[in-house]
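Have a look at the structure below, then the notes.
Please treat every number below as a calculation from the coordinates, not as lab data. Just so it is clear, the structure is predicted and the values come from calculations on it, not from any experiment. Here Cβ is always computed from backbone atoms with ideal geometry, including for glycine, and neighbour counts include all displayed protein chains.
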Amino acid sequence: GTLVHARLDPTADSPDWTLTWSNAGHPPPLIRAHDGHVTQLVEHDMLFHRALGPCDRTEHRRRLPPGSTLLLYTDGLVERRGHDMYATVAQLVDLLARLGDRPLDELLHRISNRLTDPSPEDDVVLLAVRTPVIAQR
């Protein structure tokens with residue numbers, strides 16, 4: 001099995017947030033900066049399986065400035081029989097870069113409409129979180 005475990009915490013004395021995550025072989029979470037640049041969080045550990053036994057998990061940390069968008073998704077969005085998963089992830093990165101400043105519900109709807117197979121063989125779940133932008137006084 002695969003899994004991403006992620007947590008967002010406010011950063012002390014800063015408008016930034018801190019993302020802490022561990023990835024057990026799941027497709028990479030994506031971060032879109034306020035300027036549109038998208039980063040794949042490719043760091044990961046082994047998958048979960050009873051035959052593999054217990055293993056240590058690595059936690060990674062990254063600061064997210066105000067206006068950053070974190071996108072988590074299941075493999076059903078990007079894996080299809082006979083298709084290159086990495087090409088589909090690249091399409092997802094492009095969509096997030098171009099559409100990532102839209103309201104989150106619209107962003108998720110557009111990604112789902114563009115990338116979800118009409119008859120998916122696996123579950124398709126998307127979760128997007130945007131760090132708040134504090135208005136200047």
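Assorted remarks:
- Among (1) touching a residue at least 40 places away in the same chain (Cβ under 8 Å); (2) closer than 13 Å to PRO27 by Cα; (3) in a helix (DSSP H, G or I), the one test that ALA90 misses: (1)
- Residues within region 62-87 that are among the small types (Gly, Ala, Ser), under 20 Å from ASN23 (Cβ atoms) and not in a loop (DSSP other than H, G, I, E, B), tallied: 1
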